[in-house]
Amino acid sequence: MPQDEPHNAKTMNASPPRILGLNPWIHDFAAYDVWARPLGLYYILAILRKAGFAVSYYDCLGRPDTSHLKKNRYGAGPYLKQALPTPKILGDVKRRFSRYGLEPEQVRRDLSGMDKPDLILVTSLMAYWYPGVFEAIALAKEIWPDVPLVLGGTYPTLWTDHARNFSGADEVFTGLADERIVDLANRRTGWSAENPVRSGALDEFPYPALDLEGTPVFAPVLTSRGCPFRCHYCASGFLNPEFLRRNPDAVFAEMLYWHERYGLRDYVFYDDAMLVQPEKYFLPLMDKILSRGLNWRFHTPNAVHIRNLTPRTTKTMFQAGFKTIRLGLETAVFSKRNGMDAKITRQEFLDGAKNMQEAGFDASVVGAYLLIGLPNQDYDAVRESISIVKEAGIRPVLTHYTPIPHTALWEEAKASSRYDLEADPLYTNRAVFPCQREPFSWMLLSELKNLCVV
């Protein structure tokens with residue numbers, strides 16, 4: 001459903017409440033913009049706008065205003081950053097800690113120059129980024145102390161008590177918002193709008209409010225929500241209990257809308273399971289794109305399932321213009337997969353890699369994620385995985401394991417950590433290898449990164 005007139009016409013007789021969506025800073029040892037946008041917040045703002053509210057958006061990370069920074073040709077790149085003291089509880093980690101995003105004084109000036117909102121919605125992602133969330137909340141409350149502020153997103157859904165006790169938000173919102181966000185806005189503003197969407201009816205949702213960020217340089221796209229798998233290290237099943245799919249016709253219509261409105265060529269799939277049942281969803285979508293001769297480019301930073309990399313699928317991906325492909329491998333030592341997931345066998349990986357190569361892809365485009373920092377991990381197995389992936393003609397891409405509450409690995413993670421993981425989300429920062437007894441080691445990380453060079 002495209003951007004259009006408010007759904008609730010009866011609200012047009014009075015000035016609608018103003019709702020500000022706020023994307024906070026990142027505080028971390030490292031951060032890089034891999035086509036990251038707060039898509040959930042964009043959908044919420046679009047739903048509220050459809051319901052008749054006046055919505056606006058501010059991004060403390062500063063995009064796309066930081067276009068002067070060196071980006072790759074598809075729009076990914078670094079953030080602005082300022083050095084910060086390392087949090088005391090992570091004082092044993094000898095790495096530089098930073099705030100990623102705009103300087104606080106610029107954010108203060110920008111927000112102070114805006115019309116006063118009637119409600120502020122703050123989103124959040126990684127739980128251990130909460131110091132940046134808290135800083136954004138404190139600044140907003142300083143400027144507008146009497147405006148209700150609600151915190152939602154991944155962090156409060158996974159760490160609800162921590163968010164309620166320490167965030168400074170007037171209210172903490174957990175779980176999916178599409179069914180409840182209009183009721184919350186009504187309650188907080190005294191308005192009486194109707195919800196224009198049905199919960200889970202993804203094809204009825206208005207398109208995410210990308211327009212609020214200015215002129216977007218790419219479009220994040222969801223063809224599904226959730227995941228049918230229950231990998232032991234992943235919280236997708238907790239955050240999105242039901243696996244839902246969109247109609248390929250509706251996805252294509254949305255992509256065409258962004259292309260025609262902004263001339264966009266780059267589309268980034270945020271799905272957890274885009275290639276599940278490809279003949280029913282993914283291939284019909286790509287066939288529509290190919291039949292129109294559209295010169296688009298596609299990126300899958302969230303990874304695709306290797307099992308469905310058939311000759312037809314990989315050939316279609318190559319013809320359609322996939323430029324950044326990440327595979328959800330996790331480990332190539334298949335005897336070590338027990339207790340992690342059941343997504344892939346050794347032969348399926350080798351077949352998928354072969355199909356990618358025969359379709360025309362090389363290691364400059366295709367990378368396989370390999371998890372490091374798992375509880376009690378055997379790093380000889382990581383070295384072996386790197387070797388296997390490179391021999392298959394795929395680039396190994398190291399991804400750090402994050403211990404997450406409500407996942408099957410959480411108890412093992414707590415038992416293996418040198419920290420009390422339950423005491424503070426900061427201890428779960430994947431950059432510090434929290435699930436090992438030894439302190440963070442640059443020597444180990446550098447060795448593994450050097451092995452990945454193709």
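The values are calculated or read from the model by the stated rules, or taken from the named source; none is laboratory data. All values derive from a computational prediction rather than experimental measurement. Glycine also receives a Cβ, built like all others from the backbone with ideal geometry; neighbour counts cover every protein chain displayed. The area values use the complete protein model at the heavy-atom level, side chains included, leaving out ligands, DNA and RNA. Shrake-Rupley method; radii C 1.70, N 1.55, O 1.52, S 1.80 Å.
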(1) open to solvent by less than 40 Å² (accessible area, probe 1.4 Å); (2) not in a loop (DSSP other than H, G, I, E, B) all hold for Cys227 apart from (2)
Residue pairs qualifying under the 9 Å Cβ cut-off, at least six apart or on distinct chains, with the first in the range 389-408 being more than 19 Å from Thr160 (Cα to Cα) and the second being of a type in the set (Asp, Glu), are Gly393/Asp362; Arg395/Asp362; Thr399/Glu330
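For the range 242-261, which residues satisfy the criterion of being of a type outside the set (A, V, I, L, M, F, W, C), within 23 Å of the chain's Cα centre (by Cα) and modelled with pLDDT of 95 or more?
Arg245, Arg246, Asn247, Pro248, Glu254, Tyr257, His259
Just to be sure, is Phe238 in a helix (DSSP H, G or I) and open to solvent by 40 Å² or more (accessible area, probe 1.4 Å)?
yes
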When the range 177-195 is checked residue by residue, the ones that are under 27 Å from Ala127 (Cβ atoms), in contact with a helix residue (DSSP H, G or I) (Cβ under 8 Å, 6 or more places away or on another chain) and not in a helix (DSSP H, G or I) are Ala177, Asp178
Subset of the range 279-309, residues part of a helix (DSSP H, G or I) and either modelled with pLDDT of 95 or more or farther than 15 Å from Lys354 by Cα (or both), comes to Phe282, Leu283, Pro284, Leu285, Met286, Asp287, Lys288, Ile289, Leu290, Ser291
Going through (1) crowded, with 18+ Cβ neighbours inside 10 Å; (2) in a helix (DSSP H, G or I); (3) among the basic types (Lys, Arg) one by one, Arg312 fails only at (1)
**Request:** Determine whether the range 145-158 contains at least one residue that is assigned to a helix (DSSP H, G or I), surrounded by fewer than 22 Cβ atoms within 10 Å (Cβ to Cβ) and either in contact with a Gly (Cβ under 8 Å, 6 or more places away or on another chain) or modelled with pLDDT of 95 or more (or both).
**Result:** yes
TODO: Please tell me if Val276 is in a loop (DSSP other than H, G, I, E, B), under 17 Å from Ser224 (Cβ atoms) and either touching a residue at least 60 places away in the same chain (Cβ under 8 Å) or touching a strand residue (DSSP E or B) at 6+ places or on another chain (Cβ under 8 Å) (or both).
DONE: yes
Contact list, first residue from the range 347-361 and farther than 13 Å from Asn308 by Cβ, second anywhere and among the polar types (S, T, N, Q) and buried (at least 16 other Cβ atoms within 10 Å of the Cβ), beta-carbon distance below 8 Å, six or more apart or interchain, is Glu358/Thr314; Ala359/Thr314; Phe361/Thr314
When every residue in the range 173-199 that is touching a strand residue (DSSP E or B) at 6+ places or on another chain (Cβ under 8 Å) and open to solvent by 20 Å² or more (accessible area, probe 1.4 Å) is compared, the one nearest to Pro16 (Cα to Cα) is Thr189
Exactly one of Lys88, Lys94, Lys50 is touching a residue at least 24 places away in the same chain (Cβ under 8 Å), basic (Lys, Arg) and surrounded by fewer than 22 Cβ atoms within 10 Å (Cβ to Cβ), and that one is Lys94
The number of residues in the range 408-443 that are more than 23 Å from Val93 (Cβ to Cβ) and open to solvent by less than 30 Å² (accessible area, probe 1.4 Å) is 0
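Results for (1) part of a helix (DSSP H, G or I); (2) under 17 Å from Ile372 (Cβ atoms); (3) among the hydrophobic types (A, V, I, L, M, F, W, C), shown as yes or no for each residue.
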{"residue": "Gly393", "(1), (2), (3)": "no, no, no"}
{"residue": "Pro396", "(1), (2), (3)": "no, yes, no"}
{"residue": "Pro403", "(1), (2), (3)": "no, yes, no"}
{"residue": "Ala408", "(1), (2), (3)": "no, no, yes"}
{"residue": "Glu411", "(1), (2), (3)": "yes, no, no"}
{"residue": "Arg418", "(1), (2), (3)": "no, yes, no"}
{"residue": "Cys435", "(1), (2), (3)": "no, yes, yes"}
